[in-house]
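A short write-up of the structure that comes next.
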Amino acid sequence: MLTKSLQRLFAVAAICLAAIIATPGICAQHDVALKTNLFYDATATINAGAEMQVAPKWSVDLSANFNGWTIGNDKRWKHWMIQPEARYWFCEALGGNFVAAHLLGGQYNFGNLDLPFKFLGTDYRELRDHRFQGWYGGLGIAYGHTWMLNRHWNLEAEIGLGWVYATYDKYPCATCGRKEESGHHNYVGPTKAAINLVYVF
């Protein structure tokens, strides 16, 4: 699964952002926002994001999500992911149009699902009849727009494209422990899709 060094890297990134946001007086100098992705909320995926303005047209964003549930009939879409991002705003940070660059990484455990797309380069039937688990990491670029609803609430839309490297172990069923094969896959395509409800302090 994910190596200890990558786990430490993600933990340090989360601690650093939390320490910056918690620093006394930071809100007086820069805007800070908390957010939730409504796409993830709709799939019962726990998620949260934090964003901080670091210059008049720049901000940094860190989002994370977790889904640890097994659906009926041992269907599973379990995963966790962390996604740090740097944003450049065309007008002013936390409002209007922006472009961004992001990293991402996490772990997954998918299986017994009937989805109409390929997974890890395999036919969709592979995911229906097998379970895959492993870790992944990648990077991408994105474009987004934020609408200011009132003094504290914003609505944000973002779409991103990029590259992801994923490792996998393949099992014959959702609950089987006998591994059939291991491998890796390079993916190029969407790496971020968000409709965020944002609260600005």
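The values are calculated or read from the model by the stated rules, or taken from the named source; none is laboratory data. As the structure is a prediction and not an experimental result, all values here were calculated from the model. We place every Cβ from the backbone using ideal geometry, glycine too, and count neighbours over all the protein chains shown.
In the condition set (1) without any contact (Cβ under 8 Å) to a residue 40 or more places away in the chain; (2) more than 17 Å from the chain's Cα centre (by Cα); (3) under 23 Å from GLY137 (Cβ atoms), LYS78 is compliant with all but (2). Within segment 165-185, the set of residues being part of a strand (DSSP E or B), out of contact with any Lys or Arg (no Cβ under 8 Å at 6 or more places or on another chain) and closer than 17 Å to LEU127 by Cα comprises ALA166, THR167, TYR168, HIS184, HIS185. One residue alone among TYR143, TYR171 is under 21 Å from the mean Cα position of the chain (by Cα) and aromatic (Phe, Trp, Tyr), and that residue is TYR143.
If PHE201 satisfies all but one of (1) at pLDDT below 90; (2) of a type in the set (A, V, I, L, M, F, W, C); (3) farther than 16 Å from ALA50 by Cα, what's the number of the condition it fails? It fails just one condition, (3). Each residue in segment 50-76 was checked for being touching a Phe, Trp or Tyr at 6+ places or on another chain (Cβ under 8 Å) and assigned to a strand (DSSP E or B), and 8 of them qualify. Once segment 40-77 is narrowed to residues that are charged (D, E, K, R) and surrounded by fewer than 18 Cβ atoms within 10 Å (Cβ to Cβ), the residue that is farthest from LEU155 (Cα to Cα) is ASP74.
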